[in-house]
1. Which of the peptides 158-164, 174-180, 459-465, 195-201 is most tightly packed, and how do the rest follow, going by the mean number of other Cβ atoms within 10 Å of each residue?
2. Note the full-extension length gain between Asp109 and Val530 as 0.36 nm times their separation in residues minus their Cα-Cα distance, in nm to one decimal.
3. Report ³J(HN,Hα) in whole Hz for each residue of the range 118-133, in order, from the Karplus equation J = 6.51 cos²θ - 1.76 cosθ + 1.60 where θ = phi - 60°; Gly and Pro get x.
4. Can you compute log10 of I(q)/I(0) for the range 202-300 with the Debye formula, treating each Cα as one identical point scatterer, at q = 0.23, 0.24, 0.25 Å⁻¹?
5. Considering amide H positions built from the backbone, and no H for Pro or chain starts, which residues 5 or more places from Leu402, or on another chain, come under 5 Å of its amide H?
6. Find the percent of Cα-Cα distances in the range 157-239 that exceed 20 Å, and round it to a whole number.
7. If I model a spin label at His65 and Gln497 as a point 7 Å from the Cα along the Cα→Cβ vector, what separation in nanometres do I get?
8. For the range 97-242, what ratio Rg/Rh do Cα atoms give with a Kirkwood hydrodynamic radius?
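Values in this text are rule-based calculations from the coordinates and carry no lab data. Please read all numbers here as calculations on a predicted model, not as lab measurements. Neighbour counts are summed over all protein chains in view; Cβ atoms, including those assigned to glycine, are modelled from backbone coordinates with ideal geometry.
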Amino acid sequence: AEQESLKRSKELNLVLDEIKRAMSERQALRDGDSNRTWGRLTEDPRLKPWNGSHKHVLHLPTVFHHLPHLLAKESSLQPAVRVGQGRTGVSVVMGIPSVRREVHSYLTDTLHSLISELSPQEKEDSVIVVLIAEARHLVFPQTDPQYTSLVTENIKALFPTEIHSGLLEVISPSPHFYPDFSRLRESFGDPKERVRWRTKQNLDYCFLMMYAQSKGIYYVQLEDDIIAKPNYLSTMKNFALQQPSEDWMILEFSQLGFIGKMFKSLDLSVIVEFILMFYRDKPIDWLLDHILWVKVCNPEKDAKHCDRQKANLRIRFKPSLFQHVGTHSSLAGKIQKLKVGSAALEPGGAQQSLGGGWAGGGRAGPGPPEHSVPPPLQDKDFGKHALRMEHVNPPAEVSTSLKTYQHFTLEKAYLHEDFFWAFTPSAGDFIRFRFFQPLRLERFFFRSGNIEHPEDKLFNTSVEVLPFDNPQSDKEALQEGHAVTLQYPRSPDGYLQIGSFYKGVAQGEVDPAFGPLEALRLSIQTDSPVWVILSEVTWGRGWGAVPSS
């Protein structure tokens, strides 16, 4: 079974590499045909039935049905500005839309925060795309070349290494990408100015998603006025890989607006198409919720049933990885004043959108008192349980012989979403963590019990490891230079005991002589009279995984 699990782990890594290779080939084909614009699509012989020569052929809807003005200019869907190396084939693409703010710009601070928290390996496996979407006037949407050029040159001067390496790209839409905003109708009590603002915002998101779709496996929507927690990228990637199925549509790494929302790149086409159908009608956060409703909610069921179904598609990670720092919105005159957990309610009972400078949705709401400067929109969950690098657990298959109580699963404990709670253990029960790739662990920490149930602890339980290159006998251990393993008791199936629980806690260092580890196991030696809670699972490790042979 162990060899089969290791084989499966290698196969998964090969699949991930194959996905990256296929996406790179797809992008190469696109780049080789870069002179072909949307305006020339009708010349393709495969699309001749759409050109009207066949009277009875059905016409499929395209982006031009929702944005017919794009047909007027061949360059309408091409970036007017594009700086960077055009990197593709990465795991994560981060998109940051940015516009001019009346008082203060937070963009460079945001980029410094995001880049400084990336490891060298993460910098090679990700792309940050900044969309400068400045419009001089929303009624006549012509991009401001001076502002766009100024911001672009500033980013090139501050981040030359990141631009040259391909980590950072800067783009700006064509001025012909936007429609005439003067014909928008007011809705939901919003004044015309806010309707134009949220409508343009929807189109900016669509442009950014369309550009980023072919670059990586996952796409993460961010804003230009945030700070990030250490090791945020590995945390997001590991959380995505740990999902029990691929049915999810949105992984949320912040409570606020459109910050820290992860999508599978393969889903972006459906999301963009849905947004474009209703981009003039509702703000982005409402549209995203509508997508989930359409996919899984049954009109014959109540709202609670719908919420439960949507929870399977929209999954929240805690604690938050991003914090909003901006006070002044991109909407002229608007000051961020809401806080999660104390959001004001709009008349009629609808909660005001938590959109910040780029998460705008809902109604504008009443303005702040004269001469007051409210604090910026804050995610109160951001400060909880400060993440350290060792608190981000690597991808692993978790299993246990214990009977789980309700929804307090071992998977949630491993991902730091909740604690693991199980019925009374018996001698021979186990909790096992088998890594997808063998890892060199430096230390371990397990805590059982919690404040509400302090007695539900692990007693007489050992901590055991299974080295990847596991000698089958003491003789082999000596021949292979692993004499150190003789110091540790070995189980019949090859695990070495390196620690045990004392007063509900097990912690210690892992002997580096073990080398890469395939698995770690908690083995219960005697029957217990109480239930058990595992409230914390933490590794400290060297982050380099053993390469596949």
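1. The most tightly packed comes first, giving 195-201, 459-465, 174-180, 158-164.
2. Gain on extension, Asp109 to Val530, equals 146.5 nm.
3. Result, ordered by residue: 9, 7, x, 5, 5, 5, 8, 10, 8, 9, 10, 10, 9, 9, 8, 10 Hz.
4. Debye curve over Cα of the range 202-300, log10 I(q)/I(0) at q = 0.23, 0.24, 0.25 Å⁻¹: -1.44, -1.53, -1.59.
5. Phe430
6. 56 percent
7. 6.9 nm
8. Values: Rg = 16.7 Å, Rh = 16.8 Å.
My calculation of the ratio gives 1.00.
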